[in-house]
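Each reported figure results from applying straightforward, stated rules to the coordinates on display, with no laboratory input. Computed from a predicted structure; not experimentally measured. Glycine also receives a Cβ, built like all others from the backbone with ideal geometry; neighbour counts cover every protein chain displayed.
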Amino acid sequence: MSNKSKSVIISLLKTNTFVVDTLSNILKPYKISLQQFNVLRILRGQKGNPSNLSTVQEKMINRMSNTTRIIDKLVKKNYASRSICEENRRKIELLITPKGLKILGKIDLIFEKEESKLTDKLSPEEHDEILTLFNKINNSLKQKST
C-alpha cells in the first residue's frame, strides 16, 4: 500500500469514527443506537408497506449488524411491529409503529442540523466531489466482493 493510499484510508477511518461518535451521541438521550435509527428510517421509507428481514438487511448502512437483534429491541420498545405474513406463513412482516414514527420525528431535525454542521465547510461543488469519490471507492469495493 502506498503512503497516499494509507493516508486516505486512515483519514476515512478517522472521519468515520468522528461521524459515528457524533451521531451516536445525538441518539443517546433517546436510548436508541445508530443501527436502530437506521432500521427505523428504512421501515419509515416503506410508507406503511410491510418490509421483511432481507429487505432491511439489504438497505442497512452497516450490513454486518445483527438485524434480528436490532429489530427485537425495536419491537420491545414498541417502535416497530413484527407479524407473520398471511399469504406466506414463513415470512415475517415488519412495520414501523406510530411510536416509532414519533421518535423519528423528534430526532430528524436534530440529526439534520448535525449532518449540516458536519459538512458545512464544504462548498456545493465539494459536496458533489466527495460523494463522487466515496461512490467510486464503494463501487470498486462492491466489484471486488462479487
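Among the helices (runs of 4 or more DSSP H) confined wholly to the range 41-146, which include 3 or more residues that are touching a residue at least 24 places away in the same chain (Cβ under 8 Å)? Don't jump to the end; show me each part of the working.
Working: elements: 53-59, 67-76, 98-119, 124-145.
Because the criterion is at least 3 residues that are touching a residue at least 24 places away in the same chain (Cβ under 8 Å), the helices (runs of 4 or more DSSP H) in the range 41-146 that meet it are 67-76, 98-119.
Picking from Ile92, Ile103, which residue would you name as being closer than 17 Å to Leu23 by Cβ, surrounded by 14 or more Cβ atoms within 10 Å (Cβ to Cβ) and not hydroxyl-bearing (Ser, Thr, Tyr)?
Working: Ile92 fails: closer than 17 Å to Leu23 by Cβ.
Answer to the check: Ile103.
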For this session: Considering each residue of the range 1-39, count those that are loosely packed, with under 10 Cβ neighbours inside 10 Å and closer than 26 Å to Ile71 by Cβ, and give that number.
Result: 1
